[in-house]
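Since every read-out is calculated from the coordinates, none of them should be taken as a lab result. The shown structure was predicted, so the numbers you read here are calculated from the model rather than taken from an experiment. Here Cβ is always computed from backbone atoms with ideal geometry, including for glycine, and neighbour counts include all displayed protein chains.
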Amino acid sequence: MNLNRTGRIGALCWVAAVPIFLAASLITGLRWRDPSYSWATNNISDLGNVHCGVWDTTRPRYVCSPGHPLMNAALLLTAVLLAAGLLLTWRTLGRGGVVRSAQTLLLLDTGGYALAGLYPADVDENLHVLGAFLIMGLGNLGLLLAALAPRTTLLGRWRRLTLAAGLTALAGAVLFFAQQGVGLGLGGMERVAVLPFPLWACCLGVLLAETPKGSTQNSRSPETTAR
């Protein structure tokens, strides 16, 4: 299967998602005043909270994010770009139950970003937590499952990259939910749990975009090869 124009557009969507997310996080965080935003102490969600005040009964902290519209818009755009990348490369990455299951779980992950942007934690905590579960739970499982893609598929070519991202994300999620910062702080550990998927997608997008036309011909399913 050739990496056609649709697949390349999907790859570029993946490449764009991480810079947008990180830039919005940085700009929004820099707008915090008294207290300043800490990537080690504060959660990503704090950037999107729409009200100022003490937040979180488990880890009380004062949250006031004047740039929350930018962060929430970036979360939505990140969701759209990651989902578009998945859908536009859907057939290109391979076939089979493992590939399709991984793609489905990762698509649910993108829904988590959308929920987080549409429903900030201090607006609808339940839907926001559901979004976090989709990202750090189902999404990270999808990343690990993607690492099991057959080597005969295009997705299987980058198994080591995918496995490293999946294991890192899973370890980060376990430690974050266990409230263990391990020197990074809980805010830092949350990023270890959340960022591997978009970073993996960005790297995969670059690799796919650089793939010459026709070079995916050997990424056929075993059934096709046997014919």
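How many angstrom lie between the Cα centre of region 124-173 and the Cα centre of region 99-120?
Region 124-173 and region 99-120 have Cα centres spaced 11 Å from each other.
Only four residue types carry charge here, +1 at the Cβ of Lys and Arg and -1 at the Cβ of Asp and Glu. Report the dipole size of the chain about the Cα centre in Debye, rounded to the nearest 20.
For the chain, the charge dipole is close to 1160 debye.
Cut-off 17 Å, label point 7 angstrom out along Cα-to-Cβ of Ala178: give me the residues of region 133-169 whose amide nitrogen falls inside.
Residues passing the 17 Å test: 137, 167-169.
For Ala73 and Arg151, what does the FRET efficiency come to when R0 = 25 Å and r is the distance between their Cβ atoms, rounded to the nearest 0.05?
0.05
Can you list residues whose amide H is under 5 Å from Arg61's amide H, if they're 5+ apart or on another chain and H is modeled 1.01 Å from N?
Close amide H contacts, sequence-distant or interchain: Trp55.
Mind sorting Arg59, Arg160 by how few other Cβ atoms lie within 10 Å of their own Cβ, fewest first?
Lowest count first: Arg160, Arg59.
In the chain, which whole DSSP H runs stretch at least 15 Å along their own axis (Cα) and average 0.0 or higher on the Kyte-Doolittle scale?
5-30, 68-88, 97-118, 159-177, 196-209
Could you tell me which residue out of Leu76, Pro120, Leu93 lies farthest along the dipole of region 5-212 toward its positive end? Charges go on the beta carbon: Lys and Arg +1, Asp and Glu -1, centred on the Cα centre.
Projecting each Cα onto the dipole axis, the largest value belongs to Leu93.
Over all directions, the average projected area of the alpha-carbon convex hull for region 5-212 comes to how many nm²?
10.8 nm²
What list of ³J(HN,Hα) values in whole Hz, one per residue of region 37-43 in order, does the Karplus curve 6.51 cos²θ - 1.76 cosθ + 1.60 (θ = phi - 60°) give from phi, with Gly and Pro shown as x?
7, 10, 5, 8, 9, 8, 7
Could you pull out every residue, at least 5 positions away or on a different chain, whose amide H is within less than 5 Å of the one on Thr89? Hs are placed 1.01 Å off N in the peptide plane, and Pro or chain starts have none.
Placed amide hydrogens put nothing under 5 Å from Thr89.
Taking a point 7 angstrom from the Cα of Leu87 along the C-beta vector, which residues in region 101-130 have backbone N less than 20 Å away?
Answer for region 101-130: 101-119.
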